[in-house]
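So the structure is just underneath, and the comments pick up after that.
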Amino acid sequence: MAKAPYGAFNQVAYMVPDLDEAIDWWTQVMGVGPFFVFPAFDVAAGDYRGQAHVAQFGAAIAYSGEIMVELIEPRGPSIFQEFLADGRKGVHHLCTFTEDLATTEAWILSKGGARLQGARFGDGSELAYYDMAGDESIILEVAALKPEVLGLFAAIKAAGAAWDGKSRLFDPTAG
């Protein structure tokens, strides 16, 4: 058995055709909320299936206990858009965090994983998505995030723990 150079799985991500409708469904039916809707991402560079490309998408996250629920609405060529275009729905990928994406990627590739897509952000955070099964039935996102991003996630998690069951959205700048 090989110990992975990343932490525990901490997120389940779903592809959705409409972010607002998905937030409504998750808050009203699944009882998960409130969701933080990401503003436009500051992407410095990206790749998609081996070519330079910055994927366009909308995203929102909320926590259910220790698990982050991510909703992604594809808005252009990406592994996200392929998923919906193929008629699939539901869980797209799992996520974990690492301190060193390059070392983690080398380990994943040595285990037969294949990089599908990635991004590096203006703050230096980076992430990548890997096909772990050879047929894209198990996609793993690995993220190396700066402390400020992890702090935002902690605030979203705290908002989920204190959620009143009514508000759809979380604004970390609201007093």
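The values are calculated or read from the model by the stated rules, or taken from the named source; none is laboratory data. Just so it is clear, the model here is predicted, and its values are computed rather than measured. A quick note on method: Cβ atoms are made from the backbone with ideal geometry, for glycine too, and the neighbour counts reach across all protein chains shown. In case anyone asks, the SASA skips ligands and DNA or RNA and just uses the protein heavy atoms, side chains included. Shrake-Rupley method; radii C 1.70, N 1.55, O 1.52, S 1.80 Å.
Details
- No other residue among Tyr14, Tyr63 is closer than 27 Å to Leu101 by Cα, touching a helix residue (DSSP H, G or I) at 6+ places or on another chain (Cβ under 6 Å) and in contact (Cβ under 8 Å) with a residue 12 or more places away in the chain apart from Tyr63.
- Among residues of the stretch 119-142 that are more than 18 Å from Tyr14 (Cβ to Cβ), those with a beta-carbon under 9 Å from a residue that is hydroxyl-bearing (Ser, Thr, Tyr) and open to solvent by less than 30 Å² (accessible area, probe 1.4 Å) at least six positions away or on a different chain give the pairs Ala119/Ser125; Ala128/Thr104; Val142/Thr96; Val142/Thr98; Val142/Thr104; Val142/Tyr129; Val142/Tyr130.
- Subset of the stretch 46-91 (residues that are in a strand (DSSP E or B) and at pLDDT below 95): Gly90
- Counted residues, the stretch 86-134 - those being more than 16 Å from the chain's Cα centre (by Cα) and among the basic types (Lys, Arg): 2
- Yes/no for Leu140 being assigned to a strand (DSSP E or B) and either within 19 Å of Phe38 (Cα to Cα) or open to solvent by 20 Å² or more (accessible area, probe 1.4 Å) (or both): no
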